[in-house]
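Here is the structure we will look at.
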Amino acid sequence: MDSNKIKKGLGRGLSSLIGETKVEIQNNKLSVSDLVPNKYQPRKIFDEENLNELANSIRERGILQPIIVRKSNDEKLKFEIIAGERRWLAAQKVGLHNVPVVITDADDLKSLEFAIVENVQRHDLNPLEEAQGYKKLIDEFSYDQEKVSKFIGKSRSYIANALRLLSLPDEVVKLIENQKLSAGHAKILVGLENASFVAGKIIENKLSVRQAENFVKLFKNKRLKPSNLKDANIMHLEMSIVNKVGLNVEIKNKKNNKGKISFEYKDLDQLNKIIDIIKSNY
């Protein structure tokens with residue numbers, strides 16, 4: 001194979017998905033001040049603790065994998081990072097003046113592809129950043145979902161579900177970006193009316209994904225509305241019972257602390273289950 005190509009293996013298989021890209025200079029070093037971030041970088045949030053760990057590794061062993069760059073189209077005499085922005089940031093923490101690089105002639109599309117593949121393969125993106133990367137391929141480079149699917153090595157339904165996250169309200173997006181909601185929680189909220197309200201309740205009550213799913217079922221059944229939401233303790237008790245017995249339950253508690261509890265069953269087996277649970281506690 002031509003030595004002036006980025007070969008399979010560089011960047012954990014980046015080139016196996018992206019294809020071969022011509023390399024202008026190999027094993028070169030550039031000043032950290034000569035590098036600028038990739039304008040197509042889908043990753044917007046870099047975990048400080050992980051950066052510090054990488055910085056410690058670089059301090060001990062140096063940068064083992066070169067940073068992939070291209071000449072910047074926006075800033076003269078600068079080089080835009082295609083893959084390796086974390087290494088560049090960590091190198092600055094350590095106080096390195098020069099870093100190893102591979103200079104390529106990648107165009108905008110290849111630059112975006114490199115950035116997406118590097119991050120997705122290493123699970124470095126939060127679900128929204130991943131979705132935004134796919135959307136850029138579709139909006140700016142005429143990809144369709146099928147092409148994104150084949151390129152990234154994921155199913156088409158995976159791509160479609162990822163893109164649906166971009167329809168979430170801004171308040172929910174910020175919660176996901178700040179890691180207050182997981183990807184599992186985010187998927188539950190897609191397409192849900194009053195998603196922001198439900199997201200707040202998930203965080204307030206520290207609900208697991210399974211508990212959140214049950215909460216959303218109750219919400220969709222119009223048992224819970226923002227205007228007349230029951231006491232948080234009652235709601236938490238409902239969800240605890242739902243998770244315990246596997247059946248929908250509703251607790252109505254009046255101001256005088258009198259009320260009723262109702263179980264929903266769909267067949268005799270479920271009714272017998274309720275009876276057995278009651279009997280076992282006699």
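Collect residues whose amide H, placed 1.01 Å from N in the peptide plane, falls under 5 Å from the amide H of Ala83; neighbours closer than 5 in sequence don't count.
Ile68
Tell me which aspartates and glutamates have Cα within less than 15 Å of Lys135's Cα, excluding those fewer than 8 residues away on the same chain?
Straight-distance partners of Lys135: Asp108, Glu113, Asp144, Glu146.
Enumerate the calculated ³J(HN,Hα) couplings along region 63-70 in order (Karplus 6.51 cos²θ - 1.76 cosθ + 1.60, θ = phi - 60°), each rounded to whole Hz, writing x wherever the residue is Gly or Pro.
These are the phi-based 3J(HN,Hα) values: 8, 7, 10, x, 7, 8, 9, 9 Hz.
Once phi is turned into θ = phi - 60°, what whole-Hz ³J(HN,Hα) does the Karplus curve with 6.51, -1.76 and 1.60 give for every residue of region 204-209, x standing for Gly and Pro?
4, 9, 6, 7, 6, 4
Order these peptides, 80-91, 142-153, by their mean beta-carbon neighbour count within 10 angstrom, highest first. Intermediate values should be presented prior to the final figure.
On the way: 80-91: 23.6, 142-153: 15.8.
Taking the mean over residues of other Cβ atoms within 10 Å, the ranking is 80-91, 142-153.
Please list 3J(HN,Hα) in residue order for region 91-102, calculated via the Karplus relation 6.51 cos²θ - 1.76 cosθ + 1.60 where θ = phi - 60°; whole Hz, with x for glycine and proline.
4, 5, 4, 6, x, 5, 8, 10, 10, x, 9, 10
Among the aspartates and glutamates, which fall within straight-line cross-link reach of Lys252, defined as a Cα-Cα distance under 20 Å, with same-chain neighbours fewer than 8 residues apart omitted?
Qualifying aspartates and glutamates at Cα under 20 Å: Asp231, Glu238, Glu264.
How high is the relative contact order of region 31-182, in percent, counting Cα pairs under 8 Å that sit 6 or more residues apart?
Numbers: 185 pairs, mean separation 36.9, N = 152.
It rounds to 24 percent for region 31-182.
I'd like to compare 65-74, 169-178: which one has the highest average count of other Cβ atoms within 10 Å, and what's the full order after that? If you can, show how the numbers build up before the last one.
On the way: 65-74: 18.6, 169-178: 15.9.
Descending packing order for the listed peptides: 65-74, 169-178.
With an 8 Å cut-off on Cα pairs and a minimum separation of 6 or more residues, tell me the relative contact order of region 127-167 in percent. Please list the in-between numbers first.
Working: 32 pairs, mean separation 21.1, N = 41.
It comes to 52 percent, rounded to a whole number.
Going by the alpha-carbon gyration tensor, a ≥ b ≥ c the square roots of its eigenvalues, is region 127-167 rounded (a/c under 1.5) or, if a/c is not under 1.5, prolate (a/b greater than b/c) versus oblate?
Working: a/c = 1.73, a/b = 1.10, b/c = 1.57.
Oblate.
A short reminder: the numbers here are calculations on the coordinates, not readings from a lab. The model shown is predicted, which means the values in this text are computed figures rather than measured ones. A quick note on method: Cβ atoms are made from the backbone with ideal geometry, for glycine too, and the neighbour counts reach across all protein chains shown.
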